[in-house]
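Presented below is the structure to which this report refers.
The values are calculated or read from the model by the stated rules, or taken from the named source; none is laboratory data. This is a predicted model, so every value here is computed, not measured. Cβ coordinates were reconstructed from backbone atoms using ideal geometry, including for glycine residues, and neighbour counts include every protein chain displayed. Areas reflect the complete protein model, heavy atoms only, side chains present, ligands, DNA and RNA absent. Shrake-Rupley method; radii C 1.70, N 1.55, O 1.52, S 1.80 Å.
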Amino acid sequence: YVVANPKIKLPKKKKVFLIGDSTMADNNNNPNAVGWGVAFPKYVDTMRVEVINKARGGRSSRTYEFEGLWKEVKQQLQPGNFVIIQFGHNDAGEINKAKFRGSLKGNGTETQIVNRADSITETVHTFGFYIEKYIKEAKEKGAIPIVMSQTVRNEWPNGKPELREDSYNKWSKIAAENQGADFIDLNVIIAKKYEELGKEKVATFFPKDHTHTDAEGADFNAMIAAESIRNLKKSALRDYIEIPKKKE
């Protein structure tokens, strides 16, 4: 056997932070709600990369910031780290009541003052504002942000998987372009793959509801996310992606 040489230092692993909602998070190992971030490490070179899944169920672009979850990630960022940013599923929620997680639509600068149930006043911004904030602040720490549009729900209007092309996909893309970050329209890419698989097969990915996948669905989405990163011609992260060859 080979004895490790204590004088040889292994290169420091690159860190990839994932920030988003339950469709990316581990969700306390709930088998009926597995986020794609759980399977994502299978598709990277884990000898050189560490995936840190900081996605949290039920969060929107607004509440991820408001609750201090982004602050916690930001404090850990080092130059050369990567941050994958994906929100949208919860941003259409109530703005000024119930869970207080809705963000304003679009990419504008408008705001709304909200008096929260705990007597705290909050200035709510647009979805695009929050995405740009994450990009900008990641870059300030020397990290490399990649924005993705949201995963696809198991909804088939007109016989095709539901898309968010006129809302959260578009707003995510505009935010990424405004701040010079890479953008992957994962919503559209997964929808095309779901169409190829067919409605019946895709339904098996969603045992709980139309939004959350099981482990197989999470793995499928993680593989698509990884392939999409590898297709980013100018991204340094593409060099760390490893897609296992399919068995013949």
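Among residues of region 205-220 that are closer than 20 Å to Phe87 by Cα, those with a beta-carbon under 7 Å from a residue that is among the basic types (Lys, Arg) at least six positions away or on a different chain give the pairs His210/Arg153; Thr211/Arg153. Taking the stated definitions as given, is Lys15 among the basic types (Lys, Arg) and in contact (Cβ under 8 Å) with a residue 12 or more places away in the chain? It is true that Lys15 is among the basic types (Lys, Arg) and in contact (Cβ under 8 Å) with a residue 12 or more places away in the chain.
Table: residues versus (1) over 16 Å from the mean Cα position of the chain (by Cα); (2) crowded, with 21+ Cβ neighbours inside 10 Å; (3) under 23 Å from Phe127 (Cβ atoms); (4) acidic (Asp, Glu).
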| position | (1), (2), (3), (4) |
| --- | --- |
| Asp21 | no, yes, yes, yes |
| Trp36 | no, yes, yes, no |
| Arg62 | no, yes, yes, no |
| Val83 | no, yes, yes, no |
| Gly106 | yes, no, yes, no |
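Within region 111-137, the set of residues being crowded, with 20+ Cβ neighbours inside 10 Å and part of a helix (DSSP H, G or I) comprises Phe127, Gly128, Phe129, Tyr130, Ile131, Glu132, Tyr134, Ile135. Of the strands (runs of 3 or more DSSP E) that lie entirely inside region 1-110, those containing 1 or more residues that are small (Gly, Ala, Ser) span 14-20. Glu200 - would you say it is farther than 29 Å from Ala236 by Cβ and in a loop (DSSP other than H, G, I, E, B)? Here the answer is no, as Glu200 does not meet what is asked.
Here is a yes/no grid of residues against (1) open to solvent by 80 Å² or more (accessible area, probe 1.4 Å); (2) closer than 28 Å to Pro145 by Cβ; (3) at pLDDT below 95:
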site	(1), (2), (3)
Asp214	no, no, no
Gly217	no, yes, no
Arg238	no, yes, no
Lys246	yes, no, yes
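Only a single item in (1) under 20 Å from Ala92 (Cβ atoms); (2) more than 16 Å from the chain's Cα centre (by Cα); (3) open to solvent by 10 Å² or more (accessible area, probe 1.4 Å); (4) of a type in the set (Ser, Thr, Tyr) is not met by Tyr168, and it is number (2).
Restricting attention to region 190-212, the residues that are open to solvent by 60 Å² or more (accessible area, probe 1.4 Å) and either farther than 23 Å from Pro31 by Cα or touching a Lys or Arg at 6+ places or on another chain (Cβ under 9 Å) (or both) add up to 4. In the set (1) surrounded by fewer than 19 Cβ atoms within 10 Å (Cβ to Cβ); (2) closer than 17 Å to Ile84 by Cβ; (3) under 16 Å from the mean Cα position of the chain (by Cα), the condition left unmet by Leu186 is number (1). Can you pull out the residues in region 93-113 that are without any contact (Cβ under 8 Å) to a residue 40 or more places away in the chain and either among the aliphatic types (A, V, I, L, M) or farther than 18 Å from Asn178 by Cα (or both)? Gly93, Glu94, Ile95, Asn96, Lys97, Ala98, Phe100, Leu104, Thr111, Gln112, Ile113 - these are the residues of region 93-113 that are without any contact (Cβ under 8 Å) to a residue 40 or more places away in the chain and either among the aliphatic types (A, V, I, L, M) or farther than 18 Å from Asn178 by Cα (or both).
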